[in-house]
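K.L.:
Handing you this structure, nothing more for now.
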Amino acid sequence: MKKALMALVLAVTLSLGLAAPAAAAGSFTDVPQDYWGAPGIQYVTQRGLFSGTSQTTFSPELAMTRAMLTQVLYSYAGKPAVSGSIARDTAYTDIPQGAYYEKAVLWALEEDILPLWFYQDSRRASDRAEEFCPDQVVNRAEFSLMLYAFYGNVLGLKYDEDQNLEGQPFADMTLEALTQTLPELSAYSVGGDLEGEILFAMVGWAYQEGILSGTGEGTMSPALGVTRAQVAVMLMQFHRSYGGSVQPEPEPEPQPGEPWETAEVVRLVNEERAKEGLPALKTASALTQAAQVRAEELLTLFSHTRPDGRSCFTALGEAGVRYRAAGENIAMGYTTPAAVVEGWMNSPGHRANILNASYTTIGVGYNSQRNCWVQMFVG
C-alpha cells in the first residue's frame, strides 16, 4: 500500500482517505487522446476484444490480474461452451461460485492456456493448487506464455520453435538470468526447461512478431507486471496478425453506475466475511444507488457529512432504503478494488463494519475521477 498517496482515517465506524490526482479527459474519461496506449485501447474496445471498466472509463493503469486476463482471452476466443465446475473439477478454493471469470478458468484449463504454476504446486500432476490467486498481477513472462498458448492451442497455429536464441539481445533473458529473476519457478522447472519456454515465448515469438517490445536498452523485464493498457496494445498487435482466425464475443457494456470495480469490492468483502464464518452480504439496487450518490458527493466534500451539512445516512432515506442499523466506509486514492478492501481491512473500525454480523446488505459506489470509494451497509 502506498501510504504516501493514500490513507484511511477512522471516524466513529466510518472511514476517510487522502486524495489522488484527478483523471484526465478523452474518449474514455481516463484515456486522453495523447495517451501512449490510446490507439491500442480504441482498437481492442471497438472490436470487442476488451471492454471498459464502466461506460466512461477504461482504467488503463489498473494492473492486469489472473482473473482479468483469463476472462479477456476467453472472450477473445468467443466464449465457447464449457462443462464441469470449479468445485468438482479443480482444487481451487478461492474462486466463488458465480465469479465473473469462473467459466473462463474452466476453459483455460481445458485449452491448456494457463502456466503450470497457476494450477499446480509443483510438476506433479496430482499436486493441484488450491489457490488460483485471481487478484495476483500477471507479469510479462506469464502474459507471453498465455498468449502463445492461445496462438497454438486455440488458433491451431504453428511457429518455428527450433530457432537459435543464443544471440538474442536481452541480457535479462538468458536461462541463467531467468532462473535468478524468477526463483519461485524452481519447483516447476527441470533443467531449465520452463525458463526455456519463457525465453521462446517472449523473445523467440512475441518479440519477433512485434507483439512485445523491450522495456529498455537490452532488457525485457519478464517479472514486470502488466497493466490493462499494456495488454490492450499487445492484443492489438496480436489481432492485427492473427485476428482473422477468431471471432471474439464482445463483453457486455457495464450498466450506468455499476462498474466492474463495485462488483469486485462486494466479492472481496464477502470473501473476508466467509473467512470469519459470516454470511455473504446481499446487494440491493436502492442501496447501491445511495452509495453511488455518496461517491459523487465525495468529490465536493470528503467527509461523512454531506455537502449540504446533513449526515451521510440521509442518502439512504432518499433512495428509499429502510434499515435498523447502518454503516459507511469511504476512501479515496486507491486504484483497485483489492487495494481499497485491503486498506479497510487493515483499519479496525472499517474492518468492524465489513465484519458486522448485524449487516445483511451492502451497496458500493465508485467514482473514477479521484478514485472515490463508498461502502454502505444496512441490517
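K.L.:
Looking at Ala38, Ala67, Ala63, Ala91 in this structure, which one is over 23 Å from Gln230 (Cβ atoms) and not aromatic (Phe, Trp, Tyr)? Steps first, please.
P.N.:
Values: Ala38 fails: over 23 Å from Gln230 (Cβ atoms); Ala67 fails: over 23 Å from Gln230 (Cβ atoms); Ala63 fails: over 23 Å from Gln230 (Cβ atoms).
One residue alone meets the criteria, Ala91.
K.L.:
Quick check: anything in the range 346-367 of a type outside the set (D, E, K, R), in a loop (DSSP other than H, G, I, E, B), over 19 Å from the mean Cα position of the chain (by Cα) and under 17 Å from Asp135 (Cβ atoms)?
P.N.:
yes
K.L.:
Looking only at residues in the range 352-368 that are in contact with an Asp or Glu (Cβ under 9 Å, 6 or more places away or on another chain) and crowded, with 18+ Cβ neighbours inside 10 Å, which one is farthest from Leu301 (Cα to Cα)?
P.N.:
The extreme case among them is Ile354.
K.L.:
Output the number of the condition that Tyr100 fails; it satisfies all remaining conditions of (1) over 19 Å from Arg228 (Cβ atoms); (2) open to solvent by 60 Å² or more (accessible area, probe 1.4 Å); (3) hydroxyl-bearing (Ser, Thr, Tyr).
P.N.:
Answer for Tyr100: the failing condition is (1).
K.L.:
What number goes with the only condition from (1) loosely packed, with under 15 Cβ neighbours inside 10 Å; (2) under 27 Å from Ala63 (Cβ atoms); (3) of a type outside the set (A, V, I, L, M, F, W, C) that Gly343 does not pass?
P.N.:
So Gly343 meets the others, but not (1).
K.L.:
Looking only at the range 138-188, filter to residues that are among the hydroxyl-bearing types (Ser, Thr, Tyr), within 19 Å of Trp117 (Cα to Cα) and surrounded by 15 or more Cβ atoms within 10 Å (Cβ to Cβ); which one of those is farthest from the chain's Cα centre (by Cα)?
P.N.:
The selected residue is Thr179.
K.L.:
Turning to a different aspect of this structure: Go through the range 314-343 and count every residue that is outside any helix (DSSP H, G or I) and either among the β-branched types (Val, Ile, Thr) or within 30 Å of Asp135 (Cα to Cα) (or both). It would help to see each step written out before you state the result.
P.N.:
Within the range 314-343, the subset outside any helix (DSSP H, G or I) is 319-336.
Next, from what is left, pick out any that are either among the β-branched types (Val, Ile, Thr) or within 30 Å of Asp135 (Cα to Cα) (or both): 321, 326-336.
Qualifying residue count for the region: 12.
K.L.:
Taking the range 323-335 only, how many residues are hydroxyl-bearing (Ser, Thr, Tyr) and open to solvent by 30 Å² or more (accessible area, probe 1.4 Å)?
P.N.:
Of the residues in the range 323-335, 2 are hydroxyl-bearing (Ser, Thr, Tyr) and open to solvent by 30 Å² or more (accessible area, probe 1.4 Å).
K.L.:
For the range 282-322, what are the residues that are in contact with a His (Cβ under 8 Å, 6 or more places away or on another chain) and open to solvent by 30 Å² or more (accessible area, probe 1.4 Å)?
P.N.:
Ser311, the sole residue that qualifies.
K.L.:
Being among the aromatic types (Phe, Trp, Tyr) and either part of a helix (DSSP H, G or I) or surrounded by 21 or more Cβ atoms within 10 Å (Cβ to Cβ) (or both) is the filter; apply it to the range 35-87 and report the residue that is modelled with the lowest pLDDT.
P.N.:
Phe50
K.L.:
What is the number of the single condition among (1) of a type in the set (A, V, I, L, M, F, W, C); (2) within 17 Å of Gly327 (Cα to Cα); (3) in a loop (DSSP other than H, G, I, E, B) that Leu301 does not meet?
P.N.:
Leu301 satisfies every listed condition except (2).
K.L.:
If I ask for residues that are among the polar types (S, T, N, Q) and under 20 Å from Val269 (Cβ atoms), which ones from the range 80-139 would you list?
P.N.:
Thr93, Gln97, Gln136
K.L.:
I've got another one for you. Report, ordered by the first and then the second residue, all pairs with beta carbons closer than 7 Å, sequence separation of six or more or different chains, a first member in the range 114-130 that is without any contact (Cβ under 8 Å) to a residue 24 or more places away in the chain, and a second member that is assigned to a loop (DSSP other than H, G, I, E, B).
P.N.:
From the range 114-130, the pairs are Asp127/Asp121.
K.L.:
Which ones in the range 267-281 are surrounded by 12 or more Cβ atoms within 10 Å (Cβ to Cβ) and farther than 13 Å from Ala338 by Cβ?
P.N.:
Asn270, Arg273, Ala274, Leu278, Ala280, Leu281
K.L.:
Looking at Gly196, Gly192, can you tell me which residue is open to solvent by less than 70 Å² (accessible area, probe 1.4 Å) and at positive phi?
P.N.:
Gly192
K.L.:
Considering each residue of the range 278-318, count those that are within 24 Å of Leu355 (Cβ to Cβ) and out of contact with any strand residue (DSSP E or B) (no Cβ under 9 Å at 6 or more places or on another chain), and give that number.
P.N.:
Counting residues in the range 278-318 that are within 24 Å of Leu355 (Cβ to Cβ) and out of contact with any strand residue (DSSP E or B) (no Cβ under 9 Å at 6 or more places or on another chain) gives 3.
The values are calculated or read from the model by the stated rules, or taken from the named source; none is laboratory data. The model shown is predicted, which means the values in this text are computed figures rather than measured ones. All Cβ positions, glycine included, derive from the backbone under ideal geometry; neighbour counts span all protein chains shown. These accessible areas exclude ligands, DNA and RNA; they are computed on the full protein's heavy atoms, side chains included. Shrake-Rupley method; radii C 1.70, N 1.55, O 1.52, S 1.80 Å.
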